[in-house]
């Protein structure tokens, strides 16, 4: 596909999300799908939380446009979605719909953690059944390939569910989850386009376009939150893109690239799990020890905190691209730099320390974009 095809898809996803968001916002308010201040929530104004619907509509519109373009205008030469990948695409589309539906139900009725997790598992199983699996990797210690055999199924399911949840957990400030998704997915899009993984590039550019438009309403001060319908869909979508594009390679290094470009949510989630286990608390118990909380307690406002995390995300996204595309020496240097920078930030913010530990004598009240995770 040419670059103008991708720009058309990005424009369609952006336009549909941009137009749909005000309507979704009014619907959410009229049906009381709203985050009110109080409890674990620390937002100071009631704010509707169905933005994920607008994001999903934008992504869906772009994918439909791609199908129409393939059928009527020969977009991409050989069919990308309607051709040999057709059956897989139907499974991927259904899996994405199921994860969106799981998040949407949670936005309306607040599903129990067990039911929400079951919905994520079912969506991931559908994706794996469509043929997208981490089944064979190169042997990092000797020539040849390593087949994961039957273990490919649980490994891929765990991979997708993990991606869905790391974006959900980082969604704590206005514009944070959508912005990180744009940065990480742009890196994956460039890799997919360079490797001619056009189905991955199409889904990536649709996510980018939808998130860019949503940021118009979700940046601080946000007039709408994406909710779980948005956060779960975005995380799951990034996982699917990596399966379609990067991880379909047998190279072991390819498995690390998506983990690098989405490094901040992964680091934040891993730190929260370690911190809670160390303190003898359930890992699902909410606290205020996430990256954005610690930056806010150091005196940064919402905008500065978000932009600091954006900057870190850009470093990881560029580093991930270098790791995937450059020769061994550049790859090693990039990996070392990323590791050192991230380790310093983890140490400086004391991410493994107590969630209630004040910084510099301050423990400021913070305003976040959704319920705390």
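Just so you know, all these numbers are worked out from the coordinates, no wet-lab data involved. Fair warning: this is a prediction, and the values are worked out from it, not measured in the lab. Reconstructed Cβ throughout: ideal geometry from the backbone, glycine too, with neighbour counts over all protein chains shown.
Tabulated data
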{"item": "Residue 285-residue 327 pseudo-label distance in nm [points 7 Å out on the Cα-to-Cβ vector]", "result": "5.3"}
{"item": "Gained length - residue 117 relative to residue 347, 0.36 nm times residue gap less alpha-carbon distance", "result": "79.7 nm"}
{"item": "Order of 94, 335 - criterion: other Cβ atoms within 10 Å of each residue's Cβ, fewest first", "result": "94, 335"}
{"item": "Burial ranking of peptide ranges 316-327, 48-59, 180-191 (average Cβ count within 10 Å, highest at the top)", "result": "48-59, 180-191, 316-327"}
{"item": "Highest to lowest packing among 112-122, 199-209, scored as the average C-beta count within 10 Å", "result": "199-209, 112-122"}
{"item": "Listed peptides 227-233, 123-129 by packing density, highest first (mean Cβ within 10 Å)", "result": "227-233, 123-129"}
{"item": "Measure of compaction for region 3-265 (Cα Rg per 2.2 N^0.38 Å)", "result": "0.99"}
